[in-house]
Each structure stands twice: as C-alpha cells, then as structure tokens.
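The values are calculated or read from the model by the stated rules, or taken from the named source; none is laboratory data. Just so it is clear, the model here is predicted, and its values are computed rather than measured. Because the Cβ atoms are built from the backbone with ideal geometry, glycine has one as well, and the counts that use them run over all protein chains shown.
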Amino acid sequence: MAQQFVFDPRLPVSTTQSESDPNHPKNVARKLKITEMQSNADTKYDIIPPPRVEGFYENLDKKQDMWIFVGTVVTIIICLLILIRPLPLVVKFSFIALIVLAIHYALGKLAKLTV
C-alpha cells in the first residue's frame, strides 16, 4: 500500500533551519514535485499487455458433436464384441487400448455437450 504524503504549507518553519537543509519544507515540496514529474514521464515506458486472445477451440454445432459422441460409443461397443472372440494377445491389447482411448474421448465430448 502506498503511503500518502500530506504537506501543510501553513506549518511554521523554524528560523534556525537553513534553506539548504533537505528537510526544509520548501525542499521537500520541490523534491516531491520532481518525483511526481519523473513518475509521470516514466509511464510512457510502461509495458502494455498484449490483447487477449480467445481460445482456439473450434465450436462445432451441438448436432455434429452428438453424432461424434454416438459414433464413439458405437465404436466402443463393436470393439467389446470383437474382444469376445478368440484373438492373439497383441490384438486384444490393442483393442483394449483403443477402447480406453475411446472412453476417454467420449467422456470428454459428453462433458462439452452438457456444459
């Protein structure tokens, strides 16, 4: 929090205080004015934030999003039906990986559809 300096010109100045003293009210007011002018001059060098860039997500229409979601669910069901058949272990692992990725994708689409 910045401190605010209040200077009252009606305050009496001691006769023993010399005008070359940095604490003399005239010098204090002059230094404050110099500091204010310098800070105002420095504002032209302040960094201007760049304009805000919106997200890059292309907003598809809800109908197209729904068909992508339904297609993903159908793909999951087909892959599960294929896994029932006797297949080599490597093929089964690849179908399991495909199912996990499809479920992850479908849940992401479902979250975007409901928001």
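Select from the stretch 80-110 the residues that are over 40 Å from the mean Cα position of the chain (by Cα) and surrounded by 12 or more Cβ atoms within 10 Å (Cβ to Cβ) and write down the one among them that is farthest from M66 (Cα to Cα).
So in the stretch 80-110, the residues over 40 Å from the mean Cα position of the chain (by Cα) come out as 80-92.
Narrowing further to those that are surrounded by 12 or more Cβ atoms within 10 Å (Cβ to Cβ): 80, 82-83, 87, 91-92.
Numbers: L80: 21, I82: 24, L83: 26, L87: 32, V91: 29, K92: 28 Å.
The qualifying residue farthest from M66 (Cα to Cα) is L87.
Checking T16 against (1) modelled with pLDDT of 80 or more; (2) among the polar types (S, T, N, Q); (3) outside any loop (DSSP other than H, G, I, E, B), which single condition isn't satisfied?
Unmet for T16, out of (1) modelled with pLDDT of 80 or more; (2) among the polar types (S, T, N, Q); (3) outside any loop (DSSP other than H, G, I, E, B): (3).
Go through the stretch 25-54 and give me each residue that's modelled with pLDDT of 80 or more and assigned to a loop (DSSP other than H, G, I, E, B).
Correct list: D46, I47, I48, P49, P50, P51.
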